[in-house]
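Report on the following structure.
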Ligand SMILES: Nc1nc2c(ncn2[C@@H]2O[C@H](COP(=O)(O)OP(=O)(O)OP(=O)(O)O)[C@@H](O)[C@H]2O)c(=O)[nH]1
Ligand SMILES: [Mg+2]
Ligand SMILES: [Zn+2]
């Protein structure tokens, strides 16, 4: 029978393989190996935050392969961890590939038990054998195979070692119709086995997950499972509650912890027989790690990374030199005149010419902004960024900043989405799923929408303000201040408990050039796909607006609020662009400033206003998807007024203080 | 704790969860009985909890489990974690350990379910060896081949047995 609460998914004729395991063990690398596609791989826990599906051809047949977000156990600790379990419950998975980090066998084996309790079709991949060997670990995988009764494959997914054997096993399993290879005798026998058996018998058979596993989840007190089972078997839920409260109150034990501790005892016994370790381990860059983690050296290193990585590389080289060349030379000198003359010759209609190559034309404005301004900046940014991600620097940064983030209601875990937001706020909003409480997710969504500029914007701002270092400093101080003050107040306003911080620190790893290049390429491609249609659409809408005269009207309407900020009327168009995307607005400023229309103060004010301005439409849609439309709209309205308010205040302060930059 | 009205025994966080949604919950120190919602004054809650969750409970749970579990070899049981302190040993919260020193985990302090789950994820179980790497700005510790960073609040929940 199938349950009312469980979504039915259409069966596929071929096999379905799910890759599951703890965060950062190399599941996505394995997925890429099997499917030949590319999903993001980075050296920090929580890279993959959604289910990704691909196809793989193994032994002549095609399989559906599913990459899942990492999970530490089948009872989720944060939003993204739960989706892997959903897959196991709702879909008929033929084979589960459980990937573990070989050197952490003892810690990761309990999840294998949990998976085996749910379904017999599991294979275990001991990944990162290269690192395990380097730290003196040897594992008797044959004995482990025997003890667990499932295939165990030592592998190095980044070099392809062990992949062939995995494919062989998948193909063999497929030929045998995925019949379970091991007897259903449980590996872990719990001290409350009698209670468990009794509970098991109360739960009706379910297609994808065994009753024993459901009974265990009930005993662990999983709310979601409880709600689902109470629909079909309320007795089971009552019995489970009785067992739970009996154990909790009269014997002073918490069932969930007890279950975990008993699984631990079994893993310890298994590990003592199959796992051997000589030497201390620690990884290749162990000694560097100290300097990254100690604040005395860690903070200066952070500043160096920001200065060289962001300011020099992305700002000066990307937004200054590269953009200057592509925009100033390639576009202004060659491409634009070329297109203008071509369209003048080929297109007889003035207004159509205007659409393509006019002042706000699709080619002369839309494409130029996308390719001459956004592309070089975003590419360089993602390059730097990939190096940081793959080295394992981000978890260290999270550790360093945890205390500061606690002040704004977040934990160090939120550092990762915030830093990702510098790349693209839309992407980062999705990563807020890795935060454990709703409160943290809302606060970080607000901050991403308001005070975290994305790479394209940041690059142009560096280029605009690099001629006035004091203005850049004021800009940074204002944005930083807004970030912390907004965070502080939203933390005060939003109910909920204090965030608590825990995170695994992966070893520092040498970034792989191929991964950096592929990742950067994939992201730049994605970014352009996002940006170009929108920029073209903007040109198109402006064109229609100009034909119908609503454009002039809108500009005139914007001139008033813009003049309150002490800006010249010409800058109204930049703000209009800003409504399409923040980075489009800043790109508009770039043109104005080059024409010498804005003075130092005005560039600063406009940069501040547009940094804080409404994020792009894509992010608004993402906010709706992740937070619901009410929260999303509230955030947008707040951001709109707040950004103007801050810019107005800054202008006032600068005027009163008589500063001119 | 035990409800003085109906005699129901429950744990403090169960009682607190009854008050979820109450505006005053934060500033209020009273605890409601989950069964009858009678409001109780917490009686030296920490010691209550220490007794339940920490050393004692864990010793008891380990001892009682050892007895009749099929599949457990007695040899493992004997060499398993024993919580009896030797001379000169004391139990301290993890952040009180000197950096680069090791200790054996003795137990976990009074905490809510989420914190406990984090402990399980990190492999914080009694008898496991733990090394403190750094205390500031956040605690960093190593268990086996994995390193974790936690804030001070979580770290203080980990009680370690230290010989120093
Ligand atoms: N040395 C070594 N590194 C590996 C191996 N497999 C993966 N890695 C590295 O481990 C890191 C994490 O890999 P991912 O594939 O992103 O891990 P994941 O399991 O998908 O992680 P989440 O998506 O966060 O759950 C990357 O830096 C990889 O380069 C391996 O076999 N050996
Ligand atoms: Mg992944
Ligand atoms: Zn009562």
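Every number in this text was worked out from the coordinates using simple rules, so none of it is lab data. Just so you know, these numbers come straight off a predicted model, no measurement behind them. When we count neighbours, we look across all protein chains shown, and the Cβ atoms used for this are built from the backbone with ideal geometry, even at glycine.
Semi-axes of the equivalent ellipsoid for region A:274-397, please: Cα gyration tensor eigenvalues, times 5, square-rooted, ordered largest first, whole Å.
For region A:274-397, the ellipsoid semi-axes come out as 50, 16, 10 Å.
Quick one: if the Förster radius is 41 Å, what FRET efficiency do residue A:518 and residue A:286 give, using the C-beta to C-beta distance and rounding to 0.05?
0.90
How much FRET efficiency would the formula 1/(1 + (r/R0)^6) give for residue A:548 and residue A:625, where r is the Cβ-Cβ distance and R0 is 30 Å, rounded to 0.05?
The formula returns an efficiency of 0.35 here.
Dividing the Cα radius of gyration by the Kirkwood radius, what Rg/Rh value follows for region A:280-351?
Looking at region A:280-351, the ratio lands at 1.46.
Please tell me the relative contact order of region A:535-605 in percent, rounded to the nearest whole number, where contacts are Cα pairs under 8 Å and at least six residues apart.
The normalised contact order for region A:535-605 reaches 23 percent.
Rounded to the nearest 10 degrees, what's the angle between the helix A:550-564 long axis and the longest principal axis of chain A, both from Cα atoms, 0 to 90?
Here the helix axis deviates by roughly 90 degrees.
Can you give me the Rg/Rh ratio for region A:506-605, using Cα atoms for both radii and the Kirkwood formula for Rh?
1.17
Let me check the size of region A:547-661 from its C-alpha atoms; what are the radius of gyration and Dmax in Å?
14.9, 45
Compute the distance from the alpha-carbon center of region A:323-386 to that of region A:119-168, in whole Å.
One Cα centre to the other: 52 Å.
Once label points are set 7 Å from the Cα along Cα→Cβ at both residue A:492 and residue A:334, what is their separation, rounded to one decimal in nm?
Roughly 5.7 nm, to one decimal.
Calculated from DSSP H runs of 4 or more alone, at -39500 (n - 2.57) each and per residue, what is the 222 nm mean residue ellipticity of the protein assembly as shown, nearest 500?
The per-residue figure over the protein assembly as shown is -16500 deg cm²/dmol.
Let me know the whole percent of all Cα-Cα pairs from region B:88-164 that are separated by more than 15 Å.
Summing the P(r) tail past 15 Å for region B:88-164 gives 46 percent.
For residue A:242 and residue A:350 in one chain, what is 0.36 nm times their gap in residues minus the Cα-Cα distance, to one decimal in nm?
The span from residue A:242 to residue A:350 would gain 30.8 nm if fully extended.
Rank the residues B:148, A:641, A:113 as a footprinting-exposure proxy: fewest other Cβ atoms within 10 Å of their Cβ go first.
Lowest count first: A:641, A:113, B:148.
For the residue pair residue A:313 and residue A:341, what label-to-label distance in nm results when each label sits 7 Å from Cα along the Cα-to-beta-carbon direction?
It is 4.0 nm.
Can you figure out the FRET efficiency of residue A:278 with residue A:161, using R₀ = 25 Å and their beta-carbon distance, to the nearest 0.05?
0.75
Where Rh is the Kirkwood radius over the Cα pairs of chain A, the temperature 20 °C and the viscosity 1.002 mPa s, what D in µm²/s does Stokes-Einstein return?
78
Mind pulling the angle between the C-alpha long axis of helix A:469-493 and the longest principal axis of chain A? Nearest 10 degrees, somewhere in 0 to 90.
50
Put a dot 7 Å past each Cα toward the Cβ at residue A:226 and residue A:201; how far apart are the dots in nm?
2.5
So for chain A, averaging the separation of alpha carbon pairs under 8 Å that are six or more residues apart and normalising by length, what relative contact order in percent results?
12
Tell me, how many Å apart are the Cα centres for region A:423-467 and for region A:21-59?
25
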